[in-house]
Each structure stands twice: as structure tokens, then as C-alpha cells.
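The values are calculated or read from the model by the stated rules, or taken from the named source; none is laboratory data. Since the model is a prediction, treat every value here as computed from it, not as a measurement. All Cβ positions, even for glycine, are placed from backbone atoms using ideal geometry, and neighbour counts span all protein chains on display. In case anyone asks, the SASA skips ligands and DNA or RNA and just uses the protein heavy atoms, side chains included. Shrake-Rupley method; radii C 1.70, N 1.55, O 1.52, S 1.80 Å.
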Amino acid sequence: MDYIRFNEEDPLLQQVPEYRSSAFLLHPFVQMPKGWSEKKKSHPDEHVYPSDEEILTLGTPVSWETVRTICGFSSLNEVALALGTATFKRPYQRPDLEKKVSDSFSSDFYWPQEDRIPVFLNKGILNDFSSNGAQNFYFSDPVFDSSGQVSIEKCTFSTISELAPAEVIITDENLQSVFISQYDRCYTIFLSKQQNLEEKITLNNWEAIICNIGTKIEWFVKG
């Protein structure tokens, strides 16, 4: 399966009629232990971000809902706008929301991974593929034009994250479920041929925005 690029004008599901449901899986924020950032830096101005292994062994996922509550935002849309302010076009830039998030947490609190599927989602994705009866999954990297097949049984915690440095699409061999990361976005698109995604999302402890028939790719923008 080739990488899918969605336009902003049409509802997401209308652009992939072979799939019955979709959701945006929100990438968790990461809370590292107190003092981790200072110990990691080689000089005070260095920007550091934990590796996948450090995130899994030392980090704690923090939901968008938790951030929304602490920051006093009215909806998860505002969390999305805060995260995307550096890359969004006007009038969607909200530096006030971005500053509110930055001011509300310590230096050991990290924003969600963007571009790629975060390591916190990997286990659930593999479980989903297996529940579809798959033993392998396919991937396609549009940046380096690479693709291939991967055995689910041989996957480690970091296999999915290492498939591509940025955008990637992965699907089980039966094409029942599809996961797509996007450039500069802190969420993964989930497409399924099943009608109801709530059970899958709950089972894998994912935080998600479930799409309706009219939801567009820029779901956080109020019409």
C-alpha cells in the first residue's frame, strides 16, 4: 500500500471509501523523572529529547486530556492548536496556547513526538494487527521511497518507530487496519474496515478522536 495524503477539503472517510471508520490517535506527552533533563544535557542551552528506550523505561505518558485540564483549555482542539502553532498557517497559529502549555509544566516534561508513530502506540498496533489474523505487516516510507514486509513475531518495542525517520504508513497483511503518521503532526491516523473503533481504542488504552462521516483531516479547526 502506498502512502496516503489527504486533502483538507473533503471528509477523511470519503477519501478512503474502502474503510468504514477512522480515528486520530493522539500522541502522548512524556513526563521524565525529576532532574532527568539537567543530567542529560552537556551544556545548559542544549535541547534534549529522550530516546524511545528512555521513554519506555523511565517515561510516563501524559494524556492530552490531562494537559487540557491543567491548562484550563476548553477542548482538545486547543491542545492541538498549541502543539501545531510553530508549523500551522495563519489564522490557526495560537502562541498564547503554546505558551500556556510550556508555562504549566517543568523542564522534564516533553511534548509529543511528531512526524512518526510514537513508541507508546507500538504494542497496541501490533496487538491490533494480530487480532486481525495477521502474521506480518507492510510499511511504506514516502520520504526515502522504501517499503517492505515485517514479521509481527520478530518485532521489538522499537521496530515500528525505526521503519522510517518521519512519515510512514503501515497495514496488516489483510489490509484490515492502517496507521499513518504525518509530517509535523502529533497524532496518527487510524483507518479500519470495522465499523466500531471504540472497543479497539479502549482495549489498547489509546486516547483518540473518533471521526464521523464529516470529519476532515484538520479535525481541530472549527468550521
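Compute, for the chain, the length of the dipole vector about the Cα centre, with Cβ point charges of +1 (Lys, Arg) and -1 (Asp, Glu) only. Units Debye, rounded to 20.
So the magnitude is around 500 debye.
Calculate for the chain the 222 nm mean residue ellipticity that helices alone would give, adding -39,500 (n - 2.57) per DSSP H run of length 4 or more and normalising by residue count, nearest 500 deg cm²/dmol.
Mean residue ellipticity, 222 nm, calculated: -7500 deg cm²/dmol.
What is the range 124-195 by shape, rounded, prolate or oblate, if you read a ≥ b ≥ c off the alpha carbon gyration tensor as root eigenvalues and call it rounded for a/c under 1.5, prolate for a/b larger than b/c, and oblate otherwise?
oblate
Assuming 0.36 nm per residue, please report the length gained on full extension of the stretch Asn196 to Glu8 beyond their Cα-Cα distance.
Here the segment from Asn196 to Glu8 would lengthen by 65.3 nm.
Taking the Cα centre of the chain as the origin and placing charges on Cβ (Lys, Arg +1; Asp, Glu -1), which of Val79, Gly148, Gly133 is farthest toward the positive end of the dipole?
Of the candidates, Val79 comes out farthest on the positive side.
Calculate, for the range 19-136, the solvent-accessible area per residue in square angstrom, rolling a 1.4 angstrom probe over the heavy atoms of the protein chains.
I get 51 Å² per residue for this part.
Mean shadow of the chain, computed from the convex hull of its alpha carbons, in nm²?
12.8
Looking at the square roots a ≥ b ≥ c of the eigenvalues of the Cα gyration tensor of the range 2-75, which shape do they give, rounded for a/c under 1.5, prolate if a/b is larger than b/c, or oblate?
Here the range 2-75 falls in the prolate category.
Separation of the range 41-87 and the range 180-223 by C-alpha centroid, Å?
Cα centroid to Cα centroid, the span is 19 Å.
Determine the share of the chain's accessible area contributed by carbon and sulfur atoms, expressed in whole percent, with a 1.4 angstrom probe.
That share works out to 48 percent.
Give me the extension gain from Thr66 to Val48: residue separation times 0.36 nm, minus the current Cα-Cα distance, reported in nm with one decimal.
Roughly 4.2 nm would be gained on extension.
Can you tell me the alpha carbon radius of gyration of the range 184-223 divided by the globular rule-of-thumb value 2.2 N^0.38 Å?
After normalising by residue count via 2.2 N^0.38 Å, the value is 1.25.
Express in nm, to one decimal, how much length is gained between Lys41 and Asn77 on full extension, taking 0.36 nm for each residue of separation and deducting their alpha carbon distance.
Full-extension gain reported as 9.7 nm.
What percent of all Cα-Cα pairs in the range 24-110 falls into each 5 Å bin, going from 0 up to the bin containing the maximum distance?
Going out from 0 Å in 5 Å bins, the range 24-110 shows 3, 13, 21, 22, 20, 14, 6, 1 percent.
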